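Below you'll find the structure, written out as structure tokens, and then a few comments.
Nothing in this text is a laboratory measurement; each read-out follows from the coordinates by a stated rule. Keep in mind the model is a prediction, meaning the values are calculated, not measured.
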């Protein structure tokens, strides 16, 4: 475990604030920065610990956000539960596979996932859908396999997977973007909790860093909500710039991991 000097604590709080800032501003994508920040800013030297720790923080952030959406009546619980429970199996399988994957190869895969998230942010959000969607047996047969695949990816890469869950819910049951975003948080919280628990069993989660990420994230999130209102008329441009930044970070992570793989 990394030594918690005042300098490291400050960097961990700052990293959490950055993640929270982007989550509060754009509503998604920011959590994928947690693991790279832990590795290249805070100084965690084990990719597995960085991913396991960030998964725990992502789960906690998603859970807090879920309560707000729940109170607002935006969560479609039957659909959300089916998706989350089928994906839970996948998240355990994915994180178990990730734990035995060599760290640099895992980071290469993580960089690819970051690139996919960035590219998904360029997609024009859809608002069409049925706000009164009701779960049917046919929908269950569509939701369950998609949930399993998404859960496996989320577990392997240690990410929330919201960028896959939202379109998955919209595709399988035809719910609105707003309902899908809210309902996806059930899966994000569950997948993150299962992934971090699996890593924690192997001693690959630093609980101290989780707390600092959350502390910084709370402040950054409030700032991000204020910033999103200020950027309301320019949110599309800001979102594009953020997606480009994630792509740049993905390239950086891939280059660092690739050099380690080639030199091994």
Next item on the list: Mind pulling up the Rg/Rh value for the chain? Radius of gyration and Kirkwood radius, both on Cα.
Entry: 0.96
Notebook entry, point to check: For the chain, what is the calculated [θ] at 222 nm in deg cm²/dmol (nearest 500), taking -39500 (n - 2.57) for each run of four or more DSSP H residues and dividing by its residue count?
Noted result: -26500 deg cm²/dmol
Check: Hey, what did segment 107-220 get for relative contact order, percent, Cα under 8 Å, at least 6 apart?
Finding: 27
Margin query: Running a GNM on the chain with Cα contacts under 10 Å, which residue among 87, 216, 68 ends up with the highest mean-square fluctuation?
Written below: 68
Item checked: segment 6-263, relative contact order [Cα under 8 Å, separation at least 6], % -> 38
